[in-house]
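Peer 1: Before anything else, here's the structure in question.
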Amino acid sequence: MKINEKLAVLEAIAASAKSVGVPDIQKILFVCVQHLLHTSASLFETLIELGAEPSNIFLIGKHYSTCDTVSEKIKNMGIQLQKLTPLQKSGEYASIFNRDISAMWQQVQNHLNSHEITAVVVLDDGGKCLEFITRGVLAKLPVIGIEQTTAGLFNPAVINLHVPFIDVAACAAKTYLESDMIVEAILNKLSKTLPVDKNGLLCGVVGVGAIGKAIVRHLISLGCHVHVYDQNKENYKFIEKAICYDHLEELIRTTDYIFGCTGRDITQNLDMFSLTSRHKMFISCTSEDKEFLSLLKLIQSYHDQQSNPLKDIVWPLSNSAVITIIKGGFPINFDDSGESVPAHQIQLTRGLLLVALIQAIVTLPFLMKENIKGRVMLNPEAQKFVVQEWLKNSKNHKFSPSLLNKFKNIDWIMQNSGGLFRQADQLFQYFNFYEATQSESAS
Ligand SMILES: NC(=O)c1ccc[n+]([C@@H]2O[C@H](COP(=O)([O-])OP(=O)(O)OC[C@H]3O[C@@H](n4cnc5c(N)ncnc54)[C@H](O)[C@@H]3O)[C@@H](O)[C@H]2O)c1
């Protein structure tokens with residue numbers, strides 16, 4: 001993506017929202033955890049265009065996806081970009097990051113003492129941001145979250161806060177359309193790591209949810225032999241042409257390239273020495289350094305040298321086998337380039353986040369009045385709008401016409417999206433959703 005390239009989906013949403021106006025947006029405080037990618041910068045630029053005050057936006061990136069050019073651009077916008085404490089060792093990401101997020105909330109608290117703010121919108125990832133909100137902020141102002149990952153939906157600390165949050169993670173548009181794009185990006189970034197001839201490559205996929213299923217499909221299409229393990233055996237119903245296991249140990253022993261797709265630590269309680277008799281490569285496709293965390297900590301305990309925790313970790317065993325953990329166990333599709341999935345594709349997700357931000361601001365008074373807490377559905381009309389705009393601007397996608405047609409049907413979007421659906425009349429005036437929906441559901 002070129003640095004100042006505009007994203008058509010964000011522009012379309014902004015044009016519609018500007019025609020109505022986003023009430024009091026300049027008095028909203030945004031507290032955000034986001035990857036610092038070029039497309040994230042575009043998202044914040046659009047939010048500011050809609051009237052958000054840059055100094056009311058607090059943002060923290062992530063160590064493994066931060067791009068210096070994007071950081072500079074974001075700082076130049078006047079956004080309060082937070083410093084990340086550098087990582088020194090493998091396996092310490094969560095503790096360092098949690099501390100940095102807590103420090104951001106302290107700054108937020110100070111900011112609130114000297115600025116007129118009416119509400120706090122938390123743009124979250126994994127529930128990390130809401131988890132560390134201070135009691136002072138919660139007591140002072142209405143708070144609403146926006147969650148884009150499944151891990152965040154079930155983060156107990158977030159659930160126990162009893163604040164409403166918009167569920168982008170399980171919305172139909174993200175669930176059905178995003179995973180294939182992520183997996184293409186994963187395989188692109190792996191092109192120099194995997195052998196050119198993938199025929200017969202022994203691959204293991206752990207966790208066959210949205211991301212894992214897409215990985216399985218792509219690896220099979222490349223000619224790999226795919227083996228699968230999921231703690232929920234129900235998920236095997238959707239797996240074709242792969243060998244499904246009852247125990248993770250069997251998969252690790254059998255395969256050479258192990259793709260972690262669970263969002264959890266799958267190496268807890270595993271005896272890696274006995275399972276590894278030849279080279280094995282571990283590739284995370286999910287979030288943070290969670291997937292192989294116990295293995296990382298074990299290796300760190302043997303080698304306490306100061307190597308770069310974001311680089312490949314290579315661990316030779318006494319039996320001449322070698323364990324390699326690609327990119328220090330962080331998700332392979334992120335690096336410091338500012339791009340993971342190409343911009344014209346991932347603008348779908350940025351668009352969903354932007355409509356979620358608008359929904360959060362516009363409907364918060366209604367949600368407060370109705371005392372609604374927990375997961376709130378990302379408005380189906382908004383999803384439809386984003387998908388239709390994205391399709392106009394997305395090049396060479398491989399989605400079936402029958403799937404794409406479903407995104408014209410509001411009932412289908414609603415049935416396939418997580419969170420509570422409540423009619424919020426305030427939202428209908430945006431994007432002319434309502435009239436389009438009525439005529440189509442009638443036909
Ligand atoms: N890399 C990226 O760009 C990217 C993009 C989207 C999501 N993610 C992350 O990927 C992760 C997975 O997302 P998803 O949408 O596929 O989630 P999902 O909930 O659909 O799938 C997770 C799967 O893992 C299984 N699982 C969980 N713990 C397990 C364990 N210990 N052993 C075996 N199986 C286990 C679950 O049963 C489920 O089938 C999340 O953490 C999400 O944040 C990463």
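Any read-out appearing in this document is the output of simple, stated calculations on the displayed coordinates, not a laboratory observation. Predicted model only: the values in this text are computed from it and were never measured. Cβ coordinates were reconstructed from backbone atoms using ideal geometry, including for glycine residues, and neighbour counts include every protein chain displayed.
Peer 1: By average Cβ neighbour count within 10 Å, what is the ranking of 263-274, 342-353, 320-331 from highest down? Walk me through the numbers before you get to the answer.
Peer 2: On the way: 263-274: 16.3, 342-353: 23.5, 320-331: 21.3.
Result, highest mean first: 342-353, 320-331, 263-274.
Peer 1: Which ³J(HN,Hα) values in Hz, rounded to whole numbers, follow from the phi angles of the stretch 234-242 under the Karplus curve 6.51 cos²θ - 1.76 cosθ + 1.60, where θ = phi - 60° and Gly and Pro get x?
Peer 2: Calculated HN-Hα couplings, in order: 3, 5, 5, 4, 9, 9, 10, 6, 9 Hz.
Peer 1: Right, next: Seen from all sides and averaged, what is the projected area of the convex hull of the Cα atoms in the chain, in nm²? Don't jump to the answer; show the numbers that get you there.
Peer 2: Working: hull surface 84.9 nm².
One quarter of the hull surface, i.e. the mean projection, equals 21.2 nm².
Peer 1: Which aspartates and glutamates does residue 406 reach when only Cα atoms under 19 Å apart count, and residues fewer than 8 places away in its own chain are ignored?
Peer 2: 178, 180, 381, 389, 435, 440
Peer 1: Under the Karplus relation 6.51 cos²θ - 1.76 cosθ + 1.60, θ = phi - 60°, what is the ordered set of whole-Hz ³J(HN,Hα) values for the stretch 328-334, x standing for Gly and Pro?
Peer 2: Those phi angles translate into x, x, 7, x, 5, 7, 10 Hz.
Peer 1: To continue, here is another question. Between the stretch 346-395 and the stretch 118-175, how far is it from one alpha carbon centroid to the other, in angstrom?
Peer 2: Centre-to-centre distance over Cα atoms comes out at 14 Å.
Peer 1: Can you give the convex hull volume per residue for the Cα atoms of the stretch 180-329, as a whole number of Å³? Please list the in-between numbers first.
Peer 2: On the way: hull volume 16.0 nm³, N = 150.
With only Cα atoms used, the stretch 180-329 gives 106 Å³ per residue.
Peer 1: Now for a separate question. For 255, 150, 175, which order do you get if you count the other beta carbons within 10 Å of each Cβ and list the fewest first?
Peer 2: On the way: 255 25, 150 20, 175 16.
In increasing order of surrounding Cβ atoms, one gets 175, 150, 255.
Peer 1: Could I ask something else about it? Of the cross-linked pairs 27/369; 18/398; 280/311; 75/327, which ones have a Cα-Cα span greater than 25 Å in the structure shown? Walk me through the intermediate numbers first.
Peer 2: Values: 27/369 19 Å; 18/398 33 Å; 280/311 16 Å; 75/327 27 Å.
Beyond 25 Å between Cα atoms: 18/398; 75/327.
Peer 1: For the stretch 3-109, which GluC sites (Glu not before Pro) are both in a DSSP coil and crowded by at most 13 other Cβ atoms within 10 Å?
Peer 2: 5
Peer 1: Amide H neighbours of residue 205 under 5 Å, counting only residues 5+ apart in sequence or on other chains, H built in-plane at 1.01 Å?
Peer 2: 227, 228, 229, 259
Peer 1: If you put +1 on each Lys and Arg Cβ and -1 on each Asp and Glu Cβ, how big is the dipole of the stretch 180-329 around its Cα centre, in Debye rounded to 20? Before the final figure, lay out each step's value.
Peer 2: Values: 16 positive and 17 negative charges, 55 e Å.
Charge dipole, the stretch 180-329, about its Cα centre: 260 debye, nearest 20.
Peer 1: Have a look at the DSSP beta bridges in the chain and tell me what percent are antiparallel, nearest 5.
Peer 2: Details: 4 of 46 bridges.
Bridges in the chain that DSSP calls antiparallel: roughly 10 percent.
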